[in-house]
1. What number goes with the only condition from (1) within 16 Å of the ligand (Cβ to nearest atom); (2) more than 21 Å from Ala129 (Cα to Cα); (3) in contact with a helix residue (DSSP H, G or I) (Cβ under 9 Å, 6 or more places away or on another chain) that Leu297 does not pass?
2. So in the stretch 302-359, with the set limited to residues that are in a helix (DSSP H, G or I), β-branched (Val, Ile, Thr) and within 16 Å of the ligand (Cβ to nearest atom), which one is nearest to the chain's Cα centre (by Cα)?
3. Would you mind stating whether Asp133 is surrounded by fewer than 16 Cβ atoms within 10 Å (Cβ to Cβ) and under 17 Å from the mean Cα position of the chain (by Cα)?
4. How many of the residues making up the stretch 75-112 are closer than 30 Å to Arg29 by Cβ and among the hydroxyl-bearing types (Ser, Thr, Tyr)?
5. Working only within the stretch 173-207, note down all residues that are in a loop (DSSP other than H, G, I, E, B) and among the β-branched types (Val, Ile, Thr).
6. Can you tell me how many residues in the stretch 282-307 are within 18 Å of Glu238 (Cα to Cα), of a type outside the set (Phe, Trp, Tyr) and surrounded by fewer than 16 Cβ atoms within 10 Å (Cβ to Cβ)?
7. If only one of Glu222, Glu123 is within 20 Å of Pro304 (Cβ to Cβ), away from the ligand (no atom under 16 Å from the Cβ), surrounded by fewer than 16 Cβ atoms within 10 Å (Cβ to Cβ) and in contact (Cβ under 8 Å) with a residue 40 or more places away in the chain, which one is it?
8. Six or more apart or on different chains, Cβ under 6 Å: which pairs go from a residue in the stretch 193-213 that's within 12 Å of the ligand (Cβ to nearest atom) to one that's in a strand (DSSP E or B) and hydroxyl-bearing (Ser, Thr, Tyr)? Could you list them?
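Rule-based calculations on the coordinates, nothing more; no lab input. Only a predicted model underlies this, so the values are computations on that prediction, with no experimental measurement involved. Quick reminder, even Gly has a Cβ in these numbers, built from the backbone with ideal geometry, and neighbours come from all protein chains shown.
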Amino acid sequence: MTETLDALKERTLGAIAGAADLAALDQVRVAALGRKGAITEMMKGLGTLALEARREQGQRLNALKDAIAEAIAARQAALEAASIDARLSSERLDVTLPARPEREGRVHPVSQVTDELIAVFAEMGFAIAEGPDIEDDFHNFEALNIPPEHPARQEHDTFYFEPRADGSRLVLRTHTSPVQIRHMLSHRPPLRVIAPGRTYRCDSDMTHTPMFHQVEGLVIGEDIHMGHLKGCLRDFCEAFFEVADLPMRFRPSYFPFTSPSAEVDIGCSRSGGQLKIGAGDDWLEILGCGMVHPKVLRNGGIDPERWQGFAFGMGIDRIAMLKYGIPDLRSFFDADLRWIDHYGFGALDVPTLFGGLAR
Ligand code: DAH
């Protein structure tokens, strides 16, 4: 004797209610409604019944099938909600917990020194100018009075991009000097800007990395002369290195984009193997500078009969090494947490002239 529909219904609904998880629930579904399930088999048997009995039994079977499908859907929704609740409570995060102190970030010496020199130049009325890391030949060389066959091109160990359709090649800028040209072409004089940023040369040893940082300075006015250049750089060096009466010397030099040109050294001592900035019997070169070449002014759209100015360029990584006694430039870019813990700066110690540059 086969099971009655009522018994089948009671048994199946009981199994649905008792299914502990989605897999168990699916087994119940297959046993009742699957291809070989109890209800499916009964449906197949309808064909043997007489018309009247078939209609009556068919309706009862359909009602039972619907009731079971509905019970399964309800149980499935309940099981899914329970599993989400379980996951939420087992994976709970307390976002109000304070950060672990040993994970506090440090400011990289390059960022710190960039902020420090910006603080000093901002005090002197300089604004910040910017240019792209990827430059064209005109801005990086040509407009700075460095024509194609100029020997200065060899010194720059330039990274070149693949030639473009017209044969010209973009470069990774080899210095921040192209920002001078961009700034002159987009602003009317008088001008007083610094341009800190990344620069690139194909070179690597204790004191050179393929990517490094420079800061460019440009001052243009109607009566600017070499005395302004010297005074400005002296004020900067004394404030930046925090040494009063810092010995400085301006040595004659050559750059294609300035005339006359100079390199600047600051005094230091190396007694006992310790580098100390200030009075001593040694010198350290820290920057290049000069009066902006008339051709460069003209390339920047400025009339050299009316306007003159000075410019300078300085390696930021280099002055960071000098000021904070960091021996190897390559370590700057190793991303070693122990190094940044040792040489880094507190994130909330923003350098200002009135508060002290580095604390
Ligand atoms: N661009 C030069 C370099 O990278 C540095 C420099 C020298 C910049 C003299 C200047 C300057 O603006 O006047 O070596």
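1. Exception for Leu297: condition (2).
2. Per the stated criteria, the residue is Ile316.
3. The answer is yes for Asp133.
4. Qualifying residue count for the region: 3.
5. First, pick out the residues of the stretch 173-207 that are in a loop (DSSP other than H, G, I, E, B): 173-177, 187-190, 201-204, 206-207.
Result: Thr174, Thr176, Thr207.
6. So the count comes out to 2.
7. Glu222 is the lone residue from the list that is within 20 Å of Pro304 (Cβ to Cβ), away from the ligand (no atom under 16 Å from the Cβ), surrounded by fewer than 16 Cβ atoms within 10 Å (Cβ to Cβ) and in contact (Cβ under 8 Å) with a residue 40 or more places away in the chain.
8. Short answer, once both residue conditions are applied: Phe212/Thr199.
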